[in-house]
1. Can you give me the relative contact order of the stretch 10-98 as a percent, contacts being Cα pairs under 8 Å and 6 or more apart?
2. Over every pair of different alpha-carbon atoms in the stretch 1-56, take the mean of 1/r and invert it; report that Kirkwood radius in Å.
3. In deg cm²/dmol and to the nearest 500, what is the mean residue ellipticity at 222 nm of the chain if only DSSP H runs of at least 4 residues count, each as -39500 (n - 2.57), divided by the residue total?
4. Please calculate how many Å² of accessible area the chain carries per residue, with a 1.4 Å probe and no DNA, RNA or ligand atoms counted.
5. Over the residues of the chain, compute the C-alpha Rg and express it relative to 2.2 N^0.38 Å.
6. Report, to the nearest whole %, how much of the accessible area of the chain belongs to carbon and sulfur atoms, 1.4 Å probe, protein only.
Amino acid sequence: MKDMVLGPESAREIMQDLAERLLRPAAAAIDLSEAYPFDHAKALAAAGISGMTMPVEYGGSGASFETACVAVEEAAKACGISGRIVVDTNMGAVPAIMAFGTPAQKGRTGELVRGGDKP
């Protein structure tokens, strides 16, 4: 998935599939335990959702914020914390680092986000 720019509808399809297979079935247990869903973070990264708004040279696909918002919406419908992971890996600090960070900071951020690290 990371080799192509995701559009809103392709992101929606990817997230709906992930939501049914992984996110929704675990959401209640995650809420009760308050445990961080590292498996969700890894799956979102593997699907090309985490960091999709990052430039291609840092491992993203250059997707738009509109596309990221669609992914957030679909993730959050199934699992609130997973929706937050999509926010944290595509908005806020990540775009700020990509816009204003040093090449080393951008590279390290890209590695962490692509690797499914906790944002």
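1. Over the stretch 10-98, the number comes to 33 percent.
2. On the way: mean 1/r = 0.0821 Å⁻¹.
One decimal place: 12.2 Å for the Kirkwood radius.
3. Counting only the DSSP helices, I get -18500 deg cm²/dmol.
4. On a per-residue basis, 51 Å².
5. Working: Rg = 13.3 Å, N = 119, 2.2 N^0.38 = 13.5 Å.
Output field value: 0.98.
6. Numbers: 3520 of 6040 Å².
About 58 percent, which is the carbon plus sulfur part of the accessible surface.
The values are calculated or read from the model by the stated rules, or taken from the named source; none is laboratory data. In this text the structure is predicted, and so the values were computed from the model without any measurement. Areas reflect the complete protein model, heavy atoms only, side chains present, ligands, DNA and RNA absent. Shrake-Rupley method; radii C 1.70, N 1.55, O 1.52, S 1.80 Å.
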